[in-house]
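The values are calculated or read from the model by the stated rules, or taken from the named source; none is laboratory data. Fair warning: this is a prediction, and the values are worked out from it, not measured in the lab. Counting neighbours? That spans all protein chains shown, and the Cβs are built from the backbone with ideal geometry, glycine included. Side chains are part of the model used for accessible areas, which takes the heavy atoms of the whole protein and leaves out ligands, DNA and RNA. Shrake-Rupley method; radii C 1.70, N 1.55, O 1.52, S 1.80 Å.
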Amino acid sequence: ILVPKNYQHVLALVFAVNKINQDPELLPNITVGFRIYKSFFSPRKTYESSFTLLSTRYLMIPNYNCDTQDKLSAVIEGLESETSIQMATILGIYKIPQISYGSFHAMLNDKFQFPSFYRMIPNEIPQLLGLVRLMQHFKWTWIGLITLKPMLTRNSICIAFTERAPHVPSSSMDHSFREQHFKLYSSITQTKAEVIIVHGDTDSLLGLKLFLHASYQTALIPTGKVWITTAQWDFTLNIALNRWTLKPFHGALSFAVHTEDVPGFRDFLRTLNPYQPKGDIFIQRFWHTVFNCSVLYSSLTIKGGRNCSGKEELESLPGSDFEMKMSGQSYSIYNGVCAVAHTLHAIYSSKSKKELHPFLKNIRFNNSARDEVFFDENGESSARYDILNWIIFPNDSFIRVKVGHVDSRAPVGQEFTINETVPRSMCIDSCHPGYVRTVREGELLCCYNRAPCPEGTISNQTRRCLQRNLCPEDQYPNKDQDKCIHKFMNFLSYEEPLGFVLASFALLFSLLTVLVLGMFIKHRDTPIVRANNQELSYVLLLSLLLCFLCSLVFIGRPGRVTYLLRQTAFGVISSVSVSSVLAKTITVVLAFKATKPGSSMRKWLGSRLSGSIVFSCSLIQVGICTVWLGTAPPFPDLDMKSEAGHILVYMGFLAIVSFTIAFLARKLPDTFNEAKFTFSILVLCSVWVSFIPTNLSTKGKYMVAVEIFSILASSTGLLGCIFIPKCYIIVLRPELNTREQLVRKSKSGTLEL
């Protein structure tokens, strides 16, 4: 039976031989000829053909050849790998080059066992590696597999099912074929995999073609599957002969032996005519088959059909019947013939009597397509596969679009190229960066659930989600938790609006405090200033001024010194302020207690008491700050989580004591009792109590802004509640700033006691 599409192999051989014989510079005065044998896919026939080639023509006698002109130079074969190995065991004995265009098995690279074996096609390993790279490139991690289970699982590619192609049925009642058909159908239709890989030679997969044809006719094959075939299987073969359909393969990807357009080949095909065979014993049968016509003066007739005119055009045939472009196998045949011819030319030019094999190993030339042809140390001429995308039309015609290639000889990083044109096939969408995968019970490892990465960890895998990395100390996870980014200094600057506003308020209140202090100094001899413990008022105003200015240290890029001064300076200065209020309140209480006859409180009165209170309270705060700086200093590059917890605890204690005493002295005369309504201390306590949760819930520069606001608010509360009423009397109501007014209020206050 003639396979129409394989007829191009014969034509490529004839075309190459004709070009060599027509080239006056290549093998001058020598005519190259050929003989064609068929193996019938039988070991016996293969051995028989091998011995026939080595014997005298028409007389098969091993080791006997008396022909003077019909000498065998080389054998070009397109057999399956097993058959090629059988032939190589015989031809290798005689060192006759065996050039293959159909054997992919890597075992034939063994030059010790097969010294004279060459091939014009790559071995299978680059194809398998390309297959894996194709799966990885498109993130196809969930596939179906027919007849082969190569290195896929080692590259995290899960196999949804593995099936053997059904055998070719011996009859329509073949129950075994039906069982295999149903099993394969179940696997294909029930799998979630969108990609199905088919590996095998043409004859071993004839049963798969029958399955696809039968399934398609009954609408059983689901659409949308991407079929991937290897170079060993041309699924368009026998389509014309058996009228099978190609529609299930629409959108398929296939690996194919690399080919180039050879000048003159199309013109050569256009000259073919069944009535001028010129020794071609195949053309009339080919013409009869593909054009469905009767060839005159032959037994190839069709009852009631038309006669072949000889003017039929090969270009009108669908690609499943015949292609005008030289296929990968035909291109390999063409290069094989040219390699033998150039080797013979080298032998005759050197006038050597050596056999062909030693010269063929070192041959190197450019063919008519400007493609360099040579054999490497493994006896391989080509290392490249093309990746083709199949477009099938409703009438079963097709076009093949080259979308990539695999070349094991290419530079590193360029061995595999592919266009972004194909859908995905995964059991589940990729585990995106920032997520981890969790196991699904009863499922393969490729099927998993996704969960966000735990806080403080990252996962930067796009295909797999197995890594959970904690970020280094100087880095932290980004928002998507897919990478660590460097920490940057987050501080409140003067240039941004928030920093500018806070700094402006700090300077404004500082200026206001200076004005109040200046007013008190100017009117230091007036009764209202002298009656309110003049020295403590000065200390309190100076401490409030420093508190306002201290808030400026929190703005701007923190340095080593400023970061140390922030909390400690504010802690000490604020403790002076609160202890001054405490001392003033205690002094007033003791002063009124001492007015009672026989009171022992008189010995406690004086400036020494108030000074001792301020000094001792501030000294305790200094001690706390010293211990804190010695044990856990707040350096920006070492400790970014330091808090002013110890300082605030002591300030809170002072505020509570002041508030308690002020509450007890609430009925004293308000001329002397600056905390009569306890409002100033109440403001102080409220601000710092609210500061603690607010501070814990904010980070970075906003935490600093909260602390600055608390400093300004508490200091302003003390300034406003204690000193503003007295400034009001000094400036706007000077008639109340007299001894008589103070004595009158004191008496009224005493009566209240």
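Residues to consider are LEU712, LEU718; find the one that is assigned by the TED database to the domain that holds VAL514 and farther than 19 Å from PHE500 by Cβ.
LEU718
What is the number of the single condition among (1) outside any helix (DSSP H, G or I); (2) in contact (Cβ under 8 Å) with a residue 60 or more places away in the chain that GLU25 does not meet?
(2)
Of all residues being more than 30 Å from TRP233 (Cα to Cα) and either without any contact (Cβ under 8 Å) to a residue 60 or more places away in the chain or of a type in the set (A, V, I, L, M, F, W, C) (or both) in segment 308-342, which is surrounded by the fewest Cβ atoms within 10 Å (Cβ to Cβ)? Just the residue, please.
Ranking the candidates gives LYS311 first.
What are the residues in segment 346-356 that are in contact with a helix residue (DSSP H, G or I) (Cβ under 9 Å, 6 or more places away or on another chain) and open to solvent by 20 Å² or more (accessible area, probe 1.4 Å), if any?
Matches in segment 346-356: ALA346, SER350, SER352, LYS353, LYS354, GLU355.
Just give me the residues in segment 44-68 being acidic (Asp, Glu) and either assigned to a helix (DSSP H, G or I) or surrounded by 13 or more Cβ atoms within 10 Å (Cβ to Cβ) (or both), in sequence order.
GLU48 - this is the single residue of segment 44-68 that is acidic (Asp, Glu) and either assigned to a helix (DSSP H, G or I) or surrounded by 13 or more Cβ atoms within 10 Å (Cβ to Cβ) (or both).
Where residues in segment 456-481 are open to solvent by 70 Å² or more (accessible area, probe 1.4 Å) and over 14 Å from the mean Cα position of the chain (by Cα), which of them is modelled with the lowest pLDDT?
Per the criteria, the residue is ARG468.
Can you find a residue that is modelled with pLDDT under 70 and among the aromatic types (Phe, Trp, Tyr) anywhere in segment 158-177?
Yes, segment 158-177 contains a residue that is modelled with pLDDT under 70 and among the aromatic types (Phe, Trp, Tyr).
Exactly one condition in (1) assigned by the TED database to the domain that holds TYR101; (2) closer than 27 Å to GLN232 by Cβ; (3) not basic (Lys, Arg) is false for SER349; which is it?
(2)
From the residues in segment 91-122 that are in a loop (DSSP other than H, G, I, E, B), among the small types (Gly, Ala, Ser) and more than 39 Å from the chain's Cα centre (by Cα), which one is modelled with the highest pLDDT?
Across segment 91-122, the extreme among qualifying residues is SER116.
Look at PHE291 and say whether it is touching an Asp or Glu at 6+ places or on another chain (Cβ under 6 Å) and of a type in the set (A, V, I, L, M, F, W, C).
Yes.
Going residue by residue through segment 62-73, is there one that turns out to be touching an Asp or Glu at 6+ places or on another chain (Cβ under 8 Å), of a type in the set (D, E, K, R), closer than 26 Å to TYR7 by Cβ and modelled with pLDDT under 85?
Among the residues of segment 62-73, not one is touching an Asp or Glu at 6+ places or on another chain (Cβ under 8 Å), of a type in the set (D, E, K, R), closer than 26 Å to TYR7 by Cβ and modelled with pLDDT under 85, which makes the answer no.
Return only the number of the condition from (1) of a type outside the set (D, E, K, R); (2) modelled with pLDDT of 70 or more; (3) open to solvent by 50 Å² or more (accessible area, probe 1.4 Å) that PRO597 does not satisfy.
Only one criterion is unmet by PRO597, namely (2).
Any residue in segment 572-583 that is out of contact with any Ser or Thr (no Cβ under 9 Å at 6 or more places or on another chain), assigned by the TED database to the domain that holds GLU735 and not acidic (Asp, Glu)?
no
Identify all residues within segment 256-307 that are surrounded by fewer than 16 Cβ atoms within 10 Å (Cβ to Cβ), in a helix (DSSP H, G or I) and of a type outside the set (D, E, K, R); write none if there are none.
PHE268
Please go through segment 356-395 and give me each residue that is assigned to a helix (DSSP H, G or I) and of a type in the set (Lys, Arg), ordered by number.
none
Would you say SER408 is under 38 Å from the mean Cα position of the chain (by Cα) and open to solvent by 60 Å² or more (accessible area, probe 1.4 Å)?
It is true that SER408 is under 38 Å from the mean Cα position of the chain (by Cα) and open to solvent by 60 Å² or more (accessible area, probe 1.4 Å).
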